[in-house]
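Report on one structure; see the data block that follows.
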Amino acid sequence: MCLAVPARVAELLPNDTARVELGGVTKEISLALVDEVAVGDYVIVHVGYALSKLDREEAEATLALFAEAGLTPSLEGTA
């Protein structure tokens, strides 16, 4: 089973890449599949790619559900 998680864009990098942050973990990902991403935006990350943008409220609600379920989303294994 694969899991895509919401992560906040912390830094835009060259070549359609970005550094995202989730729970204190940062990871470099590809933005090749998503247009018009800015620092502070939330994106759904799966296997090292941003699949889509997500509004802040929806991202926070999803992360709250993970926390409530006792799950700590991680960017490990997404590359």
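The values are calculated or read from the model by the stated rules, or taken from the named source; none is laboratory data. Given the structure is predicted, the values throughout are model-derived calculations rather than measurements. All Cβ positions, glycine included, derive from the backbone under ideal geometry; neighbour counts span all protein chains shown. Side chains are part of the model used for accessible areas, which takes the heavy atoms of the whole protein and leaves out ligands, DNA and RNA. Shrake-Rupley method; radii C 1.70, N 1.55, O 1.52, S 1.80 Å.
General remarks:
- Per atom type, the chain shows carbon and sulfur on 52% of its accessible surface, probed at 1.4 Å.
- Cα shape, segment 4-45, gyration tensor, a/c 1.5 rule: prolate
- Net charge contributed by nearby residues that have their C-beta within less than 12 Å of residue 17 (K/R +1, D/E -1): -1
- Simple spin-label estimate for residue 38 and residue 12 in nanometres, 7 Å along Cα-Cβ: 0.9
- Environment charge at residue 62 (Cβ cut-off 14 Å; Lys +1, Arg +1, Asp -1, Glu -1): -2
- Using alpha-carbon coordinates, inclination of helix 56-68 to the longest axis of the chain, degrees: 40
- Taking the Kirkwood radius as Rh and the Cα radius of gyration as Rg, the chain has a ratio of Rg/Rh equal to 0.94.
- Averaged over its residues, the chain has an accessible area of 61 Å² per residue, based on protein heavy atoms and a 1.4 Å probe.
- Simple spin-label estimate for residue 52 and residue 66 gives 1.7 nm between the two label positions (7 Å along the Cα-to-Cβ direction from each Cα).
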